[in-house]
Amino acid sequence: MPKYTTAILVRNQFGVLNRVTSMFRRRQFNINSLTVSETESDSFSRITITYEGDNELHHQIVSQLYKLPDVSKVKELDSDESVTCELMLIKVKNDAATREDIRTAADAYKAETVDYTHDSIIMRIAGDSRRIDAFIALMREYSILEICRTGVVALERGSKTILEIMD
């Protein structure tokens, strides 16, 4: 099933996130990741959603999003024409038998140790989703205690902005 990354520029109003996510729920799309943030303008927030689904239903979602009163712009982000990033914190068991292997893997992925105790190590890694997924797969050989990931953030390459291309 195709995977989509969609940026939605919305008016910075109470309840907008609920209305947008309800649109996905009603169409039975599963949201893989969701981020919401302020933009360079206090008037707008940016919602970035990644999801998988049928192409026809995807077009319906985009069309329906434009019908929501607080949605100003919907931009589908092509993976070849966008820069994406995600952040993850991962806590693994600090065990003398595996400590060096964990550090070697962390170095290879440029994961930064942000907390170190007798019982656990917390590392921070940023990058595209595939890189983070690969790091998690590698860490599964050890004792993962906890994982916390942000959603994907994405910007289209080049000088155009979502504000400039508003209808």
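The values are calculated or read from the model by the stated rules, or taken from the named source; none is laboratory data. Note that this is a predicted model, so its numbers are computed, not measured. FYI the Cβ positions are ideal-geometry reconstructions off the backbone, even for glycines, and counts take in every protein chain you see.
Remarks
- Note on the range 147-160: among residues that are over 13 Å from the mean Cα position of the chain (by Cα) and surrounded by fewer than 15 Cβ atoms within 10 Å (Cβ to Cβ), the one that is farthest from K73 (Cα to Cα) is I147.
- Within the range 83-122, the set of residues being over 21 Å from the mean Cα position of the chain (by Cα) and part of a loop (DSSP other than H, G, I, E, B) comprises N94, D95, A96, A97, T98, T117, H118, D119.
- For the range 62-77, residues that are in contact (Cβ under 8 Å) with a residue 60 or more places away in the chain and either assigned to a strand (DSSP E or B) or within 24 Å of S159 (Cα to Cα) (or both) total 7.
- Residues in the range 1-48 that are touching a Phe, Trp or Tyr at 6+ places or on another chain (Cβ under 8 Å), touching a residue at least 40 places away in the same chain (Cβ under 8 Å) and under 15 Å from Q64 (Cα atoms) were compared, and the one that is surrounded by the most Cβ atoms within 10 Å (Cβ to Cβ) is V10.
- Matching entry among I125, I121, I144 (being surrounded by 15 or more Cβ atoms within 10 Å (Cβ to Cβ) and more than 28 Å from V83 (Cα to Cα)): I121
- Residue check, E40 in contact with a Lys or Arg (Cβ under 8 Å, 6 or more places away or on another chain) and at pLDDT below 90: no
- Contact annotation: residue pairs with Cβ atoms under 8 Å, 6 or more positions apart or on different chains, pairing a residue in the range 81-94 that is closer than 26 Å to Y4 by Cβ with a partner that is among the polar types (S, T, N, Q), are S82/T5; T84/T5; T84/S129; E86/S33; E86/S129; E86/T150; L87/T150; M88/T150.
- Residues that are in contact with a strand residue (DSSP E or B) (Cβ under 6 Å, 6 or more places away or on another chain), at pLDDT 95 or above and in a helix (DSSP H, G or I) within the range 123-138 comprise I132, F135, listed in sequence order.
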